[in-house]
Amino acid sequence: MSDDTNDIFANNDDSTQGDKPSDPSLDFGDEFGLVKFADDDSAPAISFSDSPADQLPHWTQAPTGEIPKFIETAEDTISPTPSYGSSRSNVNVSGSTRRIEPNNPPAPVPRDQRENRISIGTDPTDERSRPNSPVSSQSQASGNNPKPARPAQVTRTRPSGRSDSGTGPRSPQRSRSNARQDSASGRDLPTATAVGALLGAVYIAATIFGPVAVMVLLILALGLASFEFFTQTSSANYQPAMIVGITGCIAAPLAAYWIGDAALPLVFVFSFIAGAISFIGTSSVDSGSVPNLGITMLGIIWIGLFGSFGALILRLSNSGPGFENVGTDTLFLVVVGVIANDVAAFFVGAATGRTPLRSWISPSKTMEGFVGGAIGTFVVVIMVGLQSGTWTKLSQWLIIAFVISIIGPLGDLTESMFKRNLDIKDFGTLLRGHGGALDRFDSMLFVLPVVYYVTLVLTPWAS
């Protein structure tokens, strides 16, 4: 500390020792200046005026509700700060010097209304919002006020009379009998009958020649059915290995007729490997190997494997002496029974059908048609069994008829389910009135495996 400061504190100590009251101020020189201290009896640091108007009300008094004025309203300002109880005048935000008077607003600027403009909350079909046509303008000019003509209603036609759901529209006035008649008339019966009679004649002739001729017809039918299946699945955005699929469907019955059922596993193993190789050779995973290889194997199993049991039935005729007609007679009984079931179910269902088996698959296949088809199957199988040299017992006829009556409609429903999923009417158009080969032999594909094993159990040649 400097010497001057020491002198100040020394003088202060001396001043407090005398009888004379000390000076309450200290001089710190040029650094801090003169500092004064108040005495004990000095005036308070904060004081209020004695005027009542300048004093604050006591805290115990009730509030008056008045708001103090801080800024007086100016007359020459454009946007003054309003006082309590006064209104704010309009503010000039245009940037011009013209003062906007609240009592003299400017006239609105007219705008051209846009034609054909639709506003939210309005009805665009309202006649008042439509532009006046030249005819109406002339009528108004002439003093006539005709009733405004409404535009013609726009109707949308559907191709082939189909609705959005894919089924034809039904009139509410149509009765069930009319619907059944339309269903029956939707099929070209004369053509279907002629084609069926021709196929029957060809098959009977092949049966007379022997199992080899029937085997040729079987291979031809399975090859056409596989071609139809893989063609339709390709049209439904699948990409099956068509060559592998058709080859597998033909190779399976050939191997079964030549070697027997022991050759079938090898055929399907090689078919699967060939299909896998065909998808491995693609450029990317976009080939969809899982669904497309799956649809390929579905066709090989459904057509190739199931059809192979027809070849195994024919192979029974090659088992030795006394078996020459076993295979051909059995297959003939199956073919005739399946056709009888299909025809009887069609006519009975068209005449009396009311309860669909599965309406989402095929509304035309009814419970009444199922019962009628079963009755027709039993009658025809018994009639053919009476002329057969292989199946000679009534119990055997009833068993074969029962198998056909149950398994045949199941195969028909399965094929209809596949067609419904692929959104097609028929798999082919080769047979007029019947569709394709797969549409004609769908029930038979399901019946052949069951009848083959039933034949091995019943052994009709033993009797």
Expected output is a single nm value to one decimal: the length gained when fully extending between A274 and N421, i.e. 0.36 nm times separation in residues minus the C-alpha distance. What is it? 50.2 nm
Most to least packed among 447-454, 307-314 [average Cβ atoms within 10 Å]: 307-314, 447-454
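So if we plug the beta-carbon distance of T429 and W360 into 1/(1 + (r/R0)^6) with R0 = 22 Å, what FRET efficiency do we get, rounded to 0.05?
Numbers: r = 25 Å, r/R0 = 1.14.
The value I calculate is 0.30.
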Where the only charges are on Cβ atoms (+1 Lys, Arg; -1 Asp, Glu), what is the dipole of region 323-463 about its Cα centre, to the nearest 20 debye? 280 debye
With unit charges on the beta carbon (Lys/Arg positive, Asp/Glu negative), name the residue among F347, T328, S388 whose Cα is farthest towards the positive pole of the charge dipole of region 323-463. F347
Using 0.36 nm per residue, how much length does the chain from T64 to L217 gain when fully extended, once their Cα-Cα distance is taken away? 43.5 nm
With R₀ set to 51 angstrom, the calculated FRET efficiency between the beta-carbons of L410 and S283, to the nearest 0.05, is 0.80
From the phi of every residue in region 330-339, what ³J(HN,Hα) in whole Hz does the Karplus formula 6.51 cos²θ - 1.76 cosθ + 1.60 yield, where θ is phi - 60° and glycine or proline is x? 5, 5, 5, 5, 5, 4, 5, x, 5, 5
Sorted by mean Cβ packing within 10 Å, highest first, what order do the peptides 332-341, 258-267 take? 332-341, 258-267
Fraction of alpha-carbon pairs in region 210-318 farther than 17 Å apart, rounded to whole percent, equals 51 percent
Can you sort L413, L316 so the residue with the fewest Cβ neighbours within 10 Å comes first? L413, L316
To the nearest 0.05, how large is the calculated FRET efficiency for S234 and L398 if R₀ is 30 Å and r is the Cβ-Cβ distance? 0.10
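Every number here is computed from the coordinates shown, using simple stated rules; none is lab data. The structure presented is a predicted model; accordingly, all values stated were derived computationally and were not measured. Glycine also receives a Cβ, built like all others from the backbone with ideal geometry; neighbour counts cover every protein chain displayed.
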